[in-house]
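What follows is one structure encoded as structure tokens, with my remarks underneath.
Values in this text are rule-based calculations from the coordinates and carry no lab data. As the structure is a prediction and not an experimental result, all values here were calculated from the model. So basically every Cβ, Gly included, is an ideal-geometry build from the backbone, and we count neighbours across all protein chains shown.
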Amino acid sequence: EIAAFLEKQEVRIIDPSNSNLRPVIQFSQLPSSTLLSKKPFASFTSPTPIQSASWPFALSGRDVIGIAETGSGKTLAFSVPCVEALASSAKPKSSKNGRTAHARAVIVSPTRELAMQTHAAISSLAQLVGLSAVCLYGGASKDDQRALLRKNSGADIIVATPGRLKDFLSEGAVSLESVMFAVLDEADRMLDKGFEDDIKLILGSCPPREKRQTLMFTATWPNSVRVLAESFMVDPVKVTIGNRTR
Ligand code: ADP
Ligand code: MG
């Protein structure tokens, strides 16, 4: 059944650790957890191929590279393991320390629109387990975003565009020292848009790669993205959907 699924959906999984994890073809095959017991997928019949193949690895703590087209369901592919990782680890006493918001997860997106869409999707999962998510992007008031960061709930998850997040890091409004889960979404587009240095600064502000989980999603697999993965990930599992040469 799994072999047929992999072939039909054109799923390729390259796992340098040769773990025997298998795709999750039905939602019912996911491990039980506080988040998943709240039935977050009530409106969907089954996982998309990128979700099927990524979840077992990402939920087990592995770094994952996901290569799949737009519209393939990548947001939930990383949002589910992200919220799960935070929900199942002890929350520090205060995710806020004076005027600095200490995020435990960071998701970097290339555009304001994508950041907002991702924030909407991950917020609804986060709310199910009492976690908060804040969206930071350029072209909008910094004061309003600072106010969101300072709210009592703090910001367990930050979804941000690179430039605005860099600004908040340098002024000390955000700290990424407590990040356990980092996501680069649309990594190829972020590099195309010239965000390489910002991404390096952002990941460099997180704990070292051995002490966090890092996921990277991209539609294409050019050398520039490969180099980024090599410097910021640990033995990543590479999941490719579709028959295009990437
Ligand atoms: P991508 O990031 O790969 O471009 P998105 O994560 O934005 O794709 O998802 C595209 C659309 O598919 C969204 O409207 C989302 O709600 C929907 N979607 C996500 N997962 C599923 C699923 N398992 N079944 C049906 N639709 C889904
Ligand atoms: Mg996306």
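Worth a mention:
- Spacing of the modelled spin labels on Ser141 and Ser43, each 7 Å from Cα toward Cβ, amounts to 3.0 nm.
- Over the chain: helical MRE at 222 nm, DSSP H runs n ≥ 4 each giving -39500 (n - 2.57), nearest 500: -11000 deg cm²/dmol
- Between Ser32 and Glu230, the contour length at 0.36 nm per residue exceeds the alpha carbon distance by 68.0 nm.
- Hull shadow area, averaged, the stretch 1-102 [alpha-carbon convex hull, nm²]: 8.6
- The distance between label points at Phe5 and Glu113 comes to 3.3 nm (points 7 Å beyond Cα on the Cα→Cβ vector).
- Net charge of the neighbourhood of Leu191, taken over other residues with C-beta under 13 Å away and scored Lys/Arg +1, Asp/Glu -1, is -3.
- Directionally averaged projected area (the stretch 116-170, Cα convex hull): 3.7 nm².
- FRET efficiency, 1/(1 + (r/R0)^6) with R0 25 Å, evaluated for Glu171 and Ser124 via beta carbons: 0.25
- Each 10 Å bin, from zero up to the one with the longest distance, holds this percent of the alpha carbon pairs of the chain: 7, 34, 37, 18, 3, 0.
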